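Q: Attaching a single structure in structure tokens format; questions to follow.
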Amino acid sequence: MTTATISSNSKIATRAATRRTGFIDILASEWSKLATLRATQLTLGLGFLLSVATTAIACIALGTTQDDWSPDFSPVTTSMIGVAFGVIVFTVFGVMAVSREYASGTIRLTLTATPARGRVFLAKFALVGTMLLVAGLASTISMFYAGQALLGAYGMPTASLADPDAARMVLGLGVAMPFFPLIGFAFGVLFRSTAGGITTALGLHWLPQIFGQLVSESFQENVLSLLPSNGMDTMTSGHIQHSPAFPDPMVGAVVAATWFAVIVGAAYLAFVRRDA
Amino acid sequence: MIEVNDVTKRYGETLAVDHLSFAVKPGIVTGFLGPNGAGKTTTMRMILGLDNPSSGTVTVNGRCYRDIGAPMHQIGALLDAKAANGGHTARQHLGWIARAGGIPAGRVDEVLELVGLADVAGRRLGGFSLGMYQRLGIAAALLGDPETLIFDEPVNGLDPEGIRWIRNFLQCLASEGRTILLSSHLMSEMEATADHVIVIGRGRLIANTSIAAVTQQSASNHVRVVSPRSADLVPLLERAGATVNAEDGALIVTGIEAPAIGKVAAGHGLELHELSPRRASLEAAFMELTQGSQQYQGVLSSSAA
Ligand SMILES: Nc1ncnc2c1ncn2[C@@H]1O[C@H](COP(=O)(O)OP(=O)(O)O)[C@@H](O)[C@H]1O
Ligand SMILES: [Mg+2]
């Protein structure tokens with residue numbers, strides 16, 4: 001080996017040396033790190049497939065067993081059944097997008113390459129959020145069309161996306177899909193652990209579902225309505241389904257946004273200040 | 001230039017680094033020596049802005065690492081070679097690091113070539129051996145072609161072949177005039193590679209000196225003399241200022257150098273069969289230098305283990 005080979009071509013070195021690392025570099029780096037992992041492709045794909053498959057199975061089950069339809073049967077809500085399963089898998093993705101970096105130690109490489117931690121956090125957050133948004137919308141829209149096609153095939157009532165109530169639910173659920181996965185991302189930063197992040201984020205998500213029916217209406221109205229999942233559900237499905245735990249949509253939005261801001265804000269501060 | 005100024009680092013109850021100050025001189029290889037748990041890795045993490053000092057400051061070329069716009073062009077580091085996603089290929093791994101550092105993609109294949117990993121550039125890291133990970137880590141450190149490099153125990157756990165490769169490569173980097181900070185818990189590592197050593201124990205500075213100075217000043221430097229006329233020679237040498245001890249048929253002379261001994265012998269027509277200067281080993285020299293330093297005893301016992 002000759003010593004001269006170690007230095008790069010000096011032209012490259014000088015040109016590169018003048019370039020300061022910017023937000024786009026970080027975003028591109030995070031994308032090429034995350035998108036090339038098979039685990040990413042698998043979890044996002046699995047979340048999508050599981051959502052659509054659940055909806056399909058539910059619609060087939062309904063179609064083959066039910067004969068008469070109560071007037072409050074909603075083909076839109078029915079086709080969105082798969083969201084509950086998709087969100088679990090997407091939350092796993094959100095947590096692991098960052099907890100994997102702590103488990104493997106690559107976070108130290110990331111922060112050595114770009115020590116501007118605030119920007120690194122924002123780039124990661126924006127990237128994971130965008131990927132989840134695309135996956136979420138693709139899932140809810142596919143669930144909707146698959147659900148309507150199957151329900152129609154069994155001669156059941158169907159809905160159209162041209163109906164504003166249907167659109168609000170389908171697109172709303174798609175846009176809302178990253179909500180818990182991003183909270184999972186934030187918990188992944190705070191706990192630096194896959195298990196801790198997933199448990200906490202899904203716990204927060206499922207809490208009202210687990211205890212909701214067991215407690216008094218006033219407790220549902222005054223306490224459970226302040227949990228983030230009920231705030232979210234109010235906005236996406238409160239106009240179709242009613243529950244004492246659902247506050248007014250505006251209140252729901254404020255409740256959900258507050259939870260989100262507090263948890264993500266805490267993760268941001270931890271990411272910027274704590275030892276890596 | 002790396003400067004560590006009165007740095008203390010606590011992790012809860014643990015005092016990892018304790019009022020440590022030193023500067024890494026440019027253009028030479030500085031060994032960073034201390035037993036396991038002495039605080040070497042912690043210090044390196046603080047140099048890279050990964051951990052915050054509890055007090056004191058650390059700067060690279062006069063600035064805090066976190067304030068450097070494109071740090072990979074100034075300093076490259078290998079802390080934990082295994083820090084990588086097993087699902088990435090070598091090229092993908094270096095690719096995202098290069099992108100984050102604002103380094104042109106073409107440089108990735110260049111550094112893979114340098115460390116001899118060009119053939120496995122498209123292979124997943126999951127199947128890499130520790131030696132291959134170390135080469136990959138060095139490749140990552142070289143992406144920005146930095147002037148300063150820091151390596152944390154790069155030969156730890158490697159087989160003799162891997163150790164030889166790393167040593168040669170480091171010597172090659174050093175011969176280009178780069179500044180290298182190289183940590184180890186083994187004193188013997190330093191003898192061949194470093195020009196200067198910084199020794200720490202329990203987070204504190206024990207010695208900061210050039211290798212040459214340590215071994216030259218050592219009291220265990222001596223000259224071995226064998227002569228059939230030793231009985232006549234001893235008083236002459238002692239008159240010339242030497243201290244002489246007999247050791248199985250040879251004289252162990254300290255206090256004067258070999259040429260002076262030869263001159264004394266020749267001046268009196270005394271025959272010599274052997275006249276050989278013996279330098280103290282780095283290890284022995286350090287033992288003297290730091291005699292009585294509690295922490296340093298740890299360095300020795302762990303390097304012996
Ligand atoms: N993140 C951490 N949290 C708590 N203690 C730590 C941490 N990192 C290092 N230490 C402690 O600090 C001391 C110095 O460790 P380290 O810098 O790794 O030493 P060395 O690299 O010289 O072996 C050790 O006692 C170690 O246990
Ligand atoms: Mg260490």
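Q: State whether the residues of region A:229-236 include one that is on the phi < 0 side of the Ramachandran plot, of a type in the set (A, V, I, L, M, F, W, C) and modelled with pLDDT of 90 or more.
A: no
Q: Testing residue A:159 on (1) surrounded by 18 or more Cβ atoms within 10 Å (Cβ to Cβ); (2) under 30 Å from residue B:133 (Cβ atoms); (3) of a type in the set (A, V, I, L, M), one condition comes back false. Which one is that?
A: (2)
Q: Also: Of all residues in region B:14-72, count the ones that are within 15 Å of ligand 2 (Cβ to nearest atom) and among the acidic types (Asp, Glu).
A: So the count comes out to 1.
Q: If you go through region A:135-165 one residue at a time, how many are among the small types (Gly, Ala, Ser) and modelled with pLDDT of 95 or more?
A: Filtering region A:135-165 down to residues among the small types (Gly, Ala, Ser) leaves A:135-136, A:138-139, A:142, A:146-147, A:149, A:152-153, A:155, A:159-160, A:162.
Checking which are modelled with pLDDT of 95 or more leaves us with A:135-136, A:138-139, A:142, A:146-147, A:149.
Summing the residues that are among the small types (Gly, Ala, Ser) and modelled with pLDDT of 95 or more in region A:135-165 gives 8.
Q: If you don't mind, another one. Let me confirm something: among B:285, B:219, B:265, B:280, which residue is away from ligand 1 (no atom under 16 Å from the Cβ), surrounded by 18 or more Cβ atoms within 10 Å (Cβ to Cβ) and assigned to a loop (DSSP other than H, G, I, E, B)?
A: Being away from ligand 1 (no atom under 16 Å from the Cβ), surrounded by 18 or more Cβ atoms within 10 Å (Cβ to Cβ) and assigned to a loop (DSSP other than H, G, I, E, B) holds for just one of B:285, B:219, B:265, B:280, which is B:280.
Q: Residue by residue through region B:1-35, note down the ones that are in a strand (DSSP E or B) and aliphatic (A, V, I, L, M). So that I can check it myself, show each step before the final result.
A: Of the residues in region B:1-35, the ones in a strand (DSSP E or B) are B:2-11, B:14-24, B:29-33.
Matches in region B:1-35: B:2, B:4, B:7, B:15, B:16, B:17, B:20, B:23, B:24, B:29, B:33.
Q: Quick check on this structure: which one of A:51, A:74, A:99 is of a type in the set (Ser, Thr, Tyr) and under 11 Å from residue A:139 (Cα atoms)?
A: After ruling out the rest, the residue left standing is A:51.
Q: Failed condition for residue B:246, given (1) open to solvent by less than 70 Å² (accessible area, probe 1.4 Å); (2) in contact (Cβ under 8 Å) with a residue 12 or more places away in the chain; (3) not basic (Lys, Arg), with all others met?
A: That leaves (1) as the condition not met.
Q: Which of the residues belonging to region B:155-196 are among the polar types (S, T, N, Q) and within 16 Å of ligand 2 (Cβ to nearest atom)?
A: B:156, B:183, B:184
Q: Could you list all residues from region B:181-194 that are buried (at least 23 other Cβ atoms within 10 Å of the Cβ) and either out of contact with any Lys or Arg (no Cβ under 6 Å at 6 or more places or on another chain) or in a helix (DSSP H, G or I) (or both)?
A: Within region B:181-194, B:181, B:182, B:184, B:187, B:190, B:194 qualify.
Q: Continuing with the same structure: In region A:42-53, what count of residues is obtained for those that are open to solvent by 20 Å² or more (accessible area, probe 1.4 Å) and either more than 18 Å from the chain's Cα centre (by Cα) or touching a residue at least 40 places away in the same chain (Cβ under 8 Å) (or both)?
A: Qualifying residue count for the region: 6.
Residue by residue, here is whether (1) within 15 Å of ligand 1 (Cβ to nearest atom); (2) touching a residue at least 24 places away in the same chain (Cβ under 8 Å); (3) open to solvent by less than 10 Å² (accessible area, probe 1.4 Å) holds:
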residue	(1), (2), (3)
B:1	no, yes, no
B:14	yes, no, no
B:19	yes, yes, no
B:32	yes, yes, yes
B:35	yes, yes, no
B:41	yes, yes, no
B:44	yes, yes, yes
B:64	no, no, no
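Q: Please go through region B:140-154 and give me each residue that is away from ligand 2 (no atom under 16 Å from the Cβ) and within 11 Å of chain A (Cβ to nearest Cβ), ordered by number.
A: Listed by number, the residues that qualify are B:140, B:141, B:142, B:143, B:144, B:145, B:146, B:147, B:149.
Q: Just to be sure I understand, how many residues within region A:162-195 are open to solvent by 20 Å² or more (accessible area, probe 1.4 Å), in a helix (DSSP H, G or I) and without any contact (Cβ under 8 Å) to a residue 60 or more places away in the chain?
A: 5
Q: Right, next: Quick one: which of B:63, B:45, B:99 is more than 8 Å from every other protein chain (Cβ to nearest Cβ) and out of contact with any strand residue (DSSP E or B) (no Cβ under 8 Å at 6 or more places or on another chain)?
A: Only one candidate qualifies: B:63.
Q: So, in region B:78-88, how many residues would count as being open to solvent by less than 20 Å² (accessible area, probe 1.4 Å) and facing chain A (nearest Cβ under 8 Å)? If you could, list the steps in order and put the result at the bottom.
A: Taking region B:78-88 and keeping what is open to solvent by less than 20 Å² (accessible area, probe 1.4 Å), we get B:78, B:81, B:83-85, B:88.
Pick out the ones that are also facing chain A (nearest Cβ under 8 Å) and you get B:83-85, B:88.
Looking only at that region, the number is 4.
Q: Moving on. More than 16 Å from ligand 1 (Cβ to nearest atom) and assigned to a loop (DSSP other than H, G, I, E, B): which single residue out of B:49, B:69 fits that description?
A: Matching residue, one of B:49, B:69: B:69.
The values are calculated or read from the model by the stated rules, or taken from the named source; none is laboratory data. Just so it is clear, the model here is predicted, and its values are computed rather than measured. Virtual Cβ from ideal backbone geometry, glycine too; neighbours counted across all protein chains shown. Heavy atoms of the whole protein, side chains included, go into the accessibility calculation; ligands, DNA and RNA do not. Shrake-Rupley method; radii C 1.70, N 1.55, O 1.52, S 1.80 Å.
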